[in-house]
Amino acid sequence: MKPVKLRTKLTLIYALIFGLLLTGTGAWFYNLFAYQIDKDLEEELSERAIALRNYLYINGDRVELIYNTNDPDEAYFVNLAARYYQIYDAESGKLLARSREIEAIGFQYSADEVKEVIQGPRLAALKTDQLSLLVRNDLIETIDRRKCLLQVGVSLEPRNNAVSRLLQVGIWLIPVGLILAISLGWWAAGRALHPMLVLSSAAREITVSRLDKRLPIRGTGDELDQLASAFNEVLDRLDKAMQQMKEFTSNISHELRTPLTVLRGEAEVALSKASTEKDYRRVLESQLEEFEKLSRMIDQMLILARAEAGQIKLMREVVCLSDLGKIVAEQLEPVAANKGLSLVSSSNGKVDVIGDRGWLERMLLNLLDNAIKFTPAGGHINVTIASSNNQAFVEVRDDGIGISSEALPHIFERFYREDPSRSSELEGTGLGLSLVQWIVQQHHGRVSVASKPGQGSVFRVELPLAPDDVC
Ligand code: ADP
């Protein structure tokens, strides 16, 4: 089934609400009008009937209307009130008098009907082929104490005409109003949805190669503007991720190209120049170093890629960080000593954290490995593990070559290495600190660095302490 367009839906909803309101209001107005007109008519009729009584003179079967014919107001009123009237003897049901209009149509009650009318409601409708009247029935007393039925009427014609004219207007007005509502609704919905169409056509232009494009913000601050800016924020993040991916790919190619060129060059030289077994052995030994560097880099890249893809699940166990620091320092002590460095570890008691022992060990190894790499012979490296305010601290301090202020903000980026010529060691991949940062983040901690070129560096890791009850 074809989906109904939002514009059509909105128009239909609008037309339905408008139609219901219009019909409801029309019906209410019609009823109110009819009620009011009926009430006015009843009041007028009562006034006429009550007043007419005072002008009637009934003596025996003789009925007379006595009024001042010289008073035009009085004459007019009596003529108006007496236009439709008839008087019957209540006892016998005999017709005593009636107006010319009633006489003209030859309308007359029988004796039984007179009794019925007397017992019936005071106000009633009287309908003949020629006339439609609202009548008021009053039981009056004559001078000779006889009871008579006085029936005074008023024509319902003007009332019926007005009400039916109103109904006709309503019957026309409702469909016309509905057509107007549909047109207006269609136009208003189109206008309201126009910015959305602009947004969707702008969104359609955004492709992987055009991630720099953004949705237009109209500056009205309305829901659509909010939607567009939320979408733009998503695009910002996507664009950034895409840039990082591109950078990563180009970095990988760059990083792989150098050792591969070296390997290829060495192989070519060996093929063209080496003649003895010793020559070949030297080339192979040199290539082995390159292979080791390559496989180390690929290992680290794989770890990082798996880590970022969320494929690595960390354990959550109590790890004694102070013991771990001591063990890692002991492991690397011979390497440091070999380079003429002193490596000392210290802690202010037992420091426990919750985390993955293997990954925390790798974090310490990477930090210490860097300290050893970037500290010249005769230097000092200190690993301090301490705790305060529910935080565990790891501080790896060296008095090595330090890091320039330009390089400092970038050292945690993947593949970033500050001018490798500063160090005699060339085996760095620029991935070690990225991994440290990922491990620290996974343990809900943070890592920071302070360094001055020529004076050394301090890497500081803060991790939440394990709660007392789990240690
Ligand atoms: P690498 O494999 O090159 O050590 P890292 O990501 O571990 O990669 O470090 C990135 C860069 O940060 C290094 O190349 C180096 O320039 C700088 N760096 C890291 N640790 C130290 C340190 N202790 N002293 C001086 N420079 C450091």
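If a residue has to be within 20 Å of Gly378 (Cα to Cα), near the ligand (Cβ under 10 Å from one of its atoms) and part of a strand (DSSP E or B) to count, how many in region 445-458 make the cut? Spell out the reasoning first.
Residues of region 445-458 within 20 Å of Gly378 (Cα to Cα): 451-458.
Subsequent filtering for residues that are near the ligand (Cβ under 10 Å from one of its atoms) retains 451, 453, 456-458.
From what is left, the residues that are part of a strand (DSSP E or B) are 451, 456-458.
Here the count works out to 4.
Find the helices (runs of 4 or more DSSP H) located wholly in region 1-109 whose residues include 2 or more that are hydroxyl-bearing (Ser, Thr, Tyr), and list them.
So the answer is 6-55.
Out of Ile13, Ile37, Ile87, Ile17, which single residue is more than 60 Å from the chain's Cα centre (by Cα) and not small (Gly, Ala, Ser)?
Within the list Ile13, Ile37, Ile87, Ile17, the selection yields Ile87.
Of all residues being assigned to a helix (DSSP H, G or I) and within 7 Å of the ligand (Cβ to nearest atom) in region 424-435, which is modelled with the highest pLDDT? Just the residue, please.
Step by step, filter region 424-435, then rank; the result is Leu433.
Report, ordered by the first and then the second residue, all pairs with beta carbons closer than 6 Å, sequence separation of six or more or different chains, a first member in region 187-209 that is within 13 Å of Leu224 (Cα to Cα), and a second member that is of a type outside the set (Ser, Thr, Tyr) and not in a helix (DSSP H, G or I).
Pairs found: Leu199/Leu215.
Of all residues in region 399-423, how many are modelled with pLDDT under 90 and out of contact with any helix residue (DSSP H, G or I) (no Cβ under 9 Å at 6 or more places or on another chain)?
5
So, Glu361, is that one in a helix (DSSP H, G or I) and under 24 Å from Met301 (Cβ atoms) or not?
For Glu361, the condition - in a helix (DSSP H, G or I) and under 24 Å from Met301 (Cβ atoms) - is met.
Looking at region 378-403, I want the residues that are closer than 16 Å to Val440 by Cβ and have a partner that is among the acidic types (Asp, Glu) with Cβ atoms under 7 Å, at least 6 apart or on another chain. Which pairs are those?
Correct list of pairs: Gln391/Glu462; Phe393/Glu462.
The values are calculated or read from the model by the stated rules, or taken from the named source; none is laboratory data. Just so it is clear, the model here is predicted, and its values are computed rather than measured. Cβ atoms come from the backbone with ideal geometry, glycine included; neighbour counts cover every protein chain shown.
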